[in-house]
Amino acid sequence: MPKDDSAVKGAQGAGPRPEPQVLMGNYAAAEGALAAGCGFYAGYPITPSSEIMEVLAERLPRQGGVFVQMEDEIASFAAVIGASWAGAKAMTATAGPGLSLMLEGIGYASFTETPLVLVDVQRAGPATGQATRVGSGDVLQVRYGAHGDTCPIALSPWSVQEMYDQVIRAFNLAERYRTPVFVLADEGVGHLRETVVLHRDFELVARVRGNDQPPFGHPDPDGVPPMPIFGDGANLMVTGSTHDAWGFRKVDDAEPHDLLVRRINRKILDHAEDICEVDGRFLDDAEVALVAYGFSGRSALAAVKALRRAGVKVGLLRLKTLWPFPARQVAELGKAVRRLVVPEMNLGQVGGVVRQHVRCDVELLGQVNGEVIEPEAIERKVREVLP
Amino acid sequence: MTRAMEHWLRVPHTAFCPGCGHGILMGALVRACDELALDRRQLLFVSGIGCAAWIPSPNIRADTLHTLHGRAVAYATGAKLANPKLTVIVVSGDGDLASIGGNHLIHAARRDVPLTVVCANNEIYGMTGGQTAPTTPLGALSATDPLGNRYRPFDLIALVKGAGARYAARWPVTQPRPLTDALKRAITTPGFAFVEAISPCPTQFGRRNRVDDVTKLYDQMAGTCVTREAARALSPAERARCLVIGEFIDE
């Protein structure tokens, strides 16, 4: 049965643990960026994510970092990529409409193996939708939005604490795997105010540099090459065109394209065990299990507790990592229970993926009214589908 | 280009068509860097998509960042702000910088980010097959304007000056010495600087506009380039058909 892997591994107890404080989720995300050593933020205002850039506009320059408000989200993402190659840990934040504009850059960052962090505070879409209301309709867009085959990493926080922890982890994963990493938050978590501890119990992954090895190739088909930065004297050739291990464009050759596209996917998928984290609750004897993520995970846990009080054998698998999909954990769960229920604030984006990995029945509970799913709605759905 | 400049180049040949002006611009660029004795380790070239984007990448031996269509200036902004010690030179085409990337261009000029932006203006989309650019002259023929371009071209110098560029210059590649000097002035400008190099495209512009002879195309281009002094003597209608060359610096 899946277990709760802790969010941030390792401990480097730097001084006494800070006191808990009450913060908004978006503020905690900004604190996480500062704690992780973010040195560059470029962004464009958009509800419901703007608090992240407002905090960083004030705090980042004081920490020696750079903040710039760009002319749009396309430029924001472009500037973040440029800054990452100039050596900064770089980040942006946005919401659905901005994410749509950033897609070209996401493909570029994946293909050029550029580490960066994007916090997407999801709101109710499509289009402008409801800017101040909650949704989680960007889940498949971050996975499949870029043209061509890419394999980004996406984490899903359910609390203000996880906004802090997961932004730190996102920077570490970005540097470790040289790839864009999403923190796929939602308006519910972004604007939630609750207790958080801005602890220092984490280790930071340092970028592996070096000019003597090829920066875009690796002997292993799932390897991550070292990444020199501008100014290192590497005479770098960074390009979004297909390139060989040293960066020379190979726009007509079959083999380098095949090699590169496969490697940038395999370097993530082959390390899913390291990347994927789940949080299992009440699963040991469960006959029915909820698979939930983000703010909906809170409602799912409340529903599980209420149902348990009524004697219903139900449990929860909360996905803290959405991409790469925790396929093993979900498949194991599918063998252990008779039925799965996936509550989410879209029309089944993760539910559909769950179905690809299990043989048991998967019931979808999609809600797209701009409101959080109430625990009672989940409770009702579970009672309806009880075997 | 003389052999003395070859240490700036990574590859023994370029992908430019016969008669393309971009090779001359590439020569002027590396000569400017050489004469300024720039530290290659702190030199970053950023380009977008199109023929001109190939001028620095992969040709020039320095750090190069070959980005997405239109976005070179935005990528360059991030790199320059993250590491101000870098000398950052953007090289791209007129379609890339002024059409799809027009917004990034004017905002970088407004912010006065210390970048040198070099626009290789061939007045057409070369790589994609000769379609109309925002710089294509009124009436010129293209793959998407077979009856002649219906819309006025941008005056890129006026555009970036209006957006706040500290330094702007326009020279044809047929005048490589003033072009090289302008590039040096731009690189040493402590703020946003823009150089437009008029660089003919025989393959697309020349062919579609029935100028089959490369030298004729160059003569024709040279004929449309007038100094500011000469331009003052022209009627507004005559001036609209010309490209005013020289340096455009605020007093």
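The values are calculated or read from the model by the stated rules, or taken from the named source; none is laboratory data. The structure displayed is predicted, hence computed values, not measured ones. Cβ coordinates were reconstructed from backbone atoms using ideal geometry, including for glycine residues, and neighbour counts include every protein chain displayed. Calculation scope for accessible area: heavy atoms of the full protein, side chains included, ligands and nucleic acids excluded. Shrake-Rupley method; radii C 1.70, N 1.55, O 1.52, S 1.80 Å.
Enter the buried accessible area of the B/A pair, total of both sides, probe 1.4 Å, in Å² rounded to the nearest 100.
On the way: alone 11530 and 15650 Å², together 24530 Å².
Summing both sides, the interface buries roughly 2700 Å².
Plugging the Kirkwood radius over Cα pairs into Stokes-Einstein for the protein assembly as shown, at a temperature of 20 °C and a viscosity of 1.002 mPa s, what D comes out in µm²/s? In µm²/s, the coefficient rounds to 82. Computed from backbone phi, the HN-Hα couplings of segment B:117-127 come to 10, 10, 9, 7, 9, 10, 6, 6, 7, x, 4 Hz, rounded to whole numbers (Karplus: 6.51 cos²θ - 1.76 cosθ + 1.60, θ = phi - 60°; Gly and Pro given as x). Summary of packing: across the peptides A:212-218, B:66-72, the per-residue average of other C-beta atoms within 10 Å ranks them, highest first, as B:66-72, A:212-218. With both residues required to sit in segment A:278-385, DSSP beta bridges show an antiparallel share near 20%. In terms of the Cα gyration tensor, with a ≥ b ≥ c the square roots of its eigenvalues, is segment A:21-196 rounded because a/c is under 1.5, prolate because a/b exceeds b/c, or oblate? It is rounded, given that a/c, with a ≥ b ≥ c, falls under 1.5. Size descriptors for segment A:278-385, from the alpha-carbon set: Rg then Dmax equal 12.2, 35 Å.
Applying Stokes-Einstein at 37 °C and 0.692 mPa s to the Kirkwood radius of chain B, computed over alpha-carbon pairs, gives a translational diffusion coefficient of 183 µm² s⁻¹. Within 10 Å of the Cβ of each residue in B:39-48, the mean number of Cβ atoms contributed by other protein chains is 3.
Evaluating 6.51 cos²θ - 1.76 cosθ + 1.60 at θ = phi - 60° for every residue in segment B:231-239, the Karplus couplings come out as 5, 4, 7, 8, 6, x, 5, 5, 5 Hz, glycine and proline recorded as x. Using the 1.4 Å probe convention, the accessible area of the protein assembly as shown works out to 38 Å² per residue with neighbouring protein chains retained. Largest GNM mean-square fluctuation across B:Thr64, B:Thr180, B:Thr14, computed for chain B with C-alpha springs under 10 Å, falls on B:Thr14. Rounded to the nearest Hz, the phi-derived 3J(HN,Hα) couplings of segment A:342-354 under the Karplus curve 6.51 cos²θ - 1.76 cosθ + 1.60 (θ = phi - 60°) are 10, x, 7, 8, 7, 9, x, 5, 7, x, x, 6, 4, where x marks glycine and proline. What whole-number distance in Å separates the alpha-carbon centres of segment A:239-268 and segment B:94-117? The two parts, judged by their Cα centres, are 29 Å apart.
Counting only DSSP beta bridges with both residues in segment A:89-213, what percent are antiparallel, rounded to the nearest 5?
Working: 2 of 16 bridges.
Restricted to segment A:89-213, the bridges split so that about 10 percent are antiparallel.
May I ask you to give the percent of accessible area on segment B:74-155 that is carbon plus sulfur, with a probe radius of 1.4 Å? Heavy-atom surface of segment B:74-155 belonging to carbon and sulfur, 1.4 Å probe: 58 percent.
Taking the DSSP beta bridges with both ends in the protein assembly as shown, the antiparallel portion is around 25 percent. Computed from Cα positions, the angle between helix A:96-112 and the longest principal axis of chain A comes to roughly 50 degrees. Averaged over the residues of peptide A:66-72, the number of Cβ atoms from other protein chains lying within 10 Å of each residue's Cβ is 5.
Ligands, DNA and RNA left out, the accessible area of segment A:278-385 computed with a 1.4 Å probe is 43% carbon and sulfur. Selection among A:His191, A:Val22, A:Gly39 by position relative to the dipole of chain A gives A:Val22 as farthest towards the positive end (Cβ unit charges, Cα centre).
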